[in-house]
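**Student:** Dumping the structure here so I can ask a few things about it.
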Amino acid sequence: METKDASISRRSLLRGAALAAVMVPLGVSLASCAAPGGGSGGGAAGGTKSADNPFGVAANSKVDAVIFDGGYGVDYVENAAKIMEKGKTGASVKVSASTKIAQELQPRFVGGNPPDLIDNSGANQIGWNTILDQLETLDDVLDANNLEGTKISDTLYGGVKDPGTFNGKFVALNYVMTVYGIWYSDKVFKDNGFTVPKTWQDLKALGEAAKAKGKYLFVWGKEAATYYQTLVVDSAVIQSGDDVRLPLENLKEGCWSHPTLQSILTIFYDLIQAGYMKPGGAGTQFTQAQSQWSLDEAALLYPSGSWIENEMKKQTADGFTMKGIGEIPLDDKQTTPAGTLRAEAGEPFIVPTKAKNPAGGKELLRTMLSKESATAFAKSKLAPTIVKGIVPDDGFGSTALVSQKELLDKAGNNVFTIKAFGLYGMNSDQLPIWNSFLDGKMTVADITKALQDLTDKIRNDSSITKIEIK
């Protein structure tokens, strides 16, 4: 969870799914305040385009960047800014931190003076459907050469455009390659003879083994209850593929009643009722709950995006040896290829068309995608960017980062993402539902109805713009 002051980030997404961000009201439209995306921007005349200046940044111009200050901080953008400032254009870059992107930047969109580059992330991100027509398309960033002289698109993991493409327009470049998985202490497992689960069918025996050692199987915190929605949904997609994913993404009637989802929810309900979930999470702040896992070692498993190691590095037991596995299928009959993984680019960076210096915003993005900048991020944040080939086999000494690399390498192109929960701002309404279910106060039928009712409400609301997801 990329957050400060208990905000949920998305990563996405995205940080979606459990990273699904709380968005501004979906009926609100700022379209009247902006020209269509992909234009020349609202700034002054640019400079001459060249191999070293592919977007035509004006000499000695200023770049205004506002970055979500979450689990990854803002220093990685500041580092890229220093590299850019040493370039031939003489541009200067101002990097501002924010935890309330929507509240602080929506007025600037309305006023026609948005920043040149924005990391539209966190629980308070701006709703995508309110600004899509106000954003530059970013295909030219991927078509440009990086600082080392290689075409940027040739240096990236596959599928990185998907999370930032809406209605066929690529408007958000997600920078951090987030792996969604189940995280555990290799030391705790080895010391106690625990077996890492391969399917949901294995969790009951692991829960019994944990209980015998005075430990729990899972733990949760109130702001991160939907991390378990991510686990359930992703596991069902890994088991049954698009047969589960597409109905959920496109808000179909009965989508939460899919047999695979119901089977996983039933197993999960039984685990909770058996006492394998540490109680009290609905009243526990999420990082406190996570420290019960990483510092106190009170629980064996924690589902999260790969930001978890960096987020908890100051609250992790010595010798914890954090590792991760991909989210697990229902059983050994999954229909997707082995190694299928939810992995998506997170931290969505956007360049507003009405910005004073959109070319400068794109140039800062180009700098961030250089080998030097991307490697520095991976080493300091213990997470990979979308730039491939920058994480060494030893993961800079991080076992969790080694796990991420191994999972990505194994998955290849068999990766997927979930957009709908973040796209329609569902997380704030889903949180109390999942807190109740994890607390043992909802049955499978109860949670299915609650989640479906929320889905139906959005689908039937004509004021909400729907985006078909494929």
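**Student:** Between the alpha-carbon centers of region 163-202 and region 423-464, tell me the distance in whole angstrom.
**Tutor:** 23
**Student:** With each label point set 7 Å from Cα along the Cα-Cβ vector, what nm distance links Lys252 and Thr321?
**Tutor:** 4.4
**Student:** Okay, next question. Once you place label points 7 Å from the Cα toward the Cβ at Ser153 and Asp296, how far apart are they in nm?
**Tutor:** 5.1
**Student:** Additional query: Any idea how far apart Lys313 and Ala59 come out in nm if each label point goes 7 Å out from Cα toward Cβ?
**Tutor:** Rounded to a tenth, the inter-label distance reads 4.1 nm.
**Student:** Name the lysines eligible as straight-distance cross-link partners of Lys457: C-alpha to C-alpha under 30 Å, and not fewer than 8 places from it in the same chain.
**Tutor:** Answer for Lys457, where 30 Å is the Cα cut-off: Lys100, Lys161, Lys169, Lys222, Lys252, Lys419, Lys441, Lys449, Lys466, Lys470, listed by chain and number.
**Student:** Taking R0 as 51 Å, what FRET efficiency do you get between Asp139 and Ala212 from their Cβ-Cβ distance, rounded to the nearest 0.05?
**Tutor:** Efficiency, rounded to the nearest 0.05: 0.35.
**Student:** Students often get this wrong: which residues of region 313-334 have the backbone nitrogen under 14 Å from the point 7 angstrom along Cα-to-C-beta of Phe396?
**Tutor:** Under cut-off, by backbone N: 313.
**Student:** Next question. Post the alpha-carbon centroid distance, region 321-335 to region 352-407, in whole angstrom.
**Tutor:** After rounding, the separation between the Cα centres reads 26 Å.
**Student:** Quick check: from the Cα gyration tensor, does region 85-186 come out rounded (a/c under 1.5), prolate or oblate?
**Tutor:** Here region 85-186 falls in the rounded category.
**Student:** Okay, next question. Given a Förster distance of 51 Å, report the FRET efficiency between Lys86 and Ala445 from their Cβ-Cβ distance, rounded to the nearest 0.05.
**Tutor:** Step by step, r from the Cβ atoms, then E = 0.25.
**Student:** Need the full-extension length gain, Lys371 to Ile467, defined as separation in residues times 0.36 nm minus the C-alpha distance. One decimal, nm.
**Tutor:** 31.1 nm
**Student:** Starting from the Cα coordinates of region 194-301, work out the convex hull volume and express it per residue in Å³.
**Tutor:** Given the Cα convex hull of region 194-301, per-residue volume reads 106 Å³.
**Student:** Report the antiparallel proportion of the DSSP beta bridges in the chain as a percent, rounded to a multiple of 5.
**Tutor:** 60
**Student:** Next question. Stretched out fully, how many nm does the piece from Lys198 to Ser96 gain, at 0.36 nm a residue minus the Cα gap?
**Tutor:** That pair, Lys198 and Ser96, stretches by 32.4 nm at full extension.
**Student:** Given a cut-off of under 8 Å on Cα pairs at least six residues apart, what relative contact order in percent is computed for region 245-376?
**Tutor:** Contact order relative to length: 13 percent.
**Student:** Now for a different question. What FRET efficiency comes out for Asp243 versus Arg459 if R0 is 22 angstrom and r is the Cβ-Cβ distance? Round to the nearest 0.05.
**Tutor:** Computed FRET efficiency for Asp243 and Arg459 comes out at 0.70.
**Student:** Tell me, Arg108, Arg245 in order of fewest to most beta-carbon neighbours within 10 Å?
**Tutor:** Sorted ascending by nearby Cβ count, the order is Arg108, Arg245.
**Student:** Order by neighbour count: Leu271, Leu401, fewest other Cβ atoms within 10 Å first, most last.
**Tutor:** Final ranking by Cβ density, sparse to dense: Leu271, Leu401.
**Student:** Next up: Divide by every residue of the chain the summed helix terms, -39500 (n - 2.57) for each DSSP H run of at least 4, and state the resulting mean residue ellipticity at 222 nm, rounded to the nearest 500 deg cm²/dmol.
**Tutor:** So the helix-based figure for the chain works out to -10000 deg cm²/dmol.
**Student:** A further question follows. If I take every Cα pair under 8 Å that is 6 or more residues apart in the chain, average their sequence separation and divide by the length, what percent do I get for the relative contact order?
**Tutor:** That works out to 28 percent.
**Student:** Exposure proxy check: Ser61, Ser185, Ser153, Ser463 ranked by fewest other beta carbons within 10 Å?
**Tutor:** Ser463, Ser153, Ser61, Ser185
**Student:** I'd like the projected area of region 281-368, averaged over all directions, using the convex hull of its alpha carbons. Report it in nm² with one decimal.
**Tutor:** 10.6
Any read-out appearing in this document is the output of simple, stated calculations on the displayed coordinates, not a laboratory observation. Just so we're clear, the structure is a prediction, and the values are computed from it rather than from any experiment. In this analysis, Cβ positions are derived from the backbone assuming ideal geometry, glycine residues included, and neighbour counts consider all displayed protein chains.
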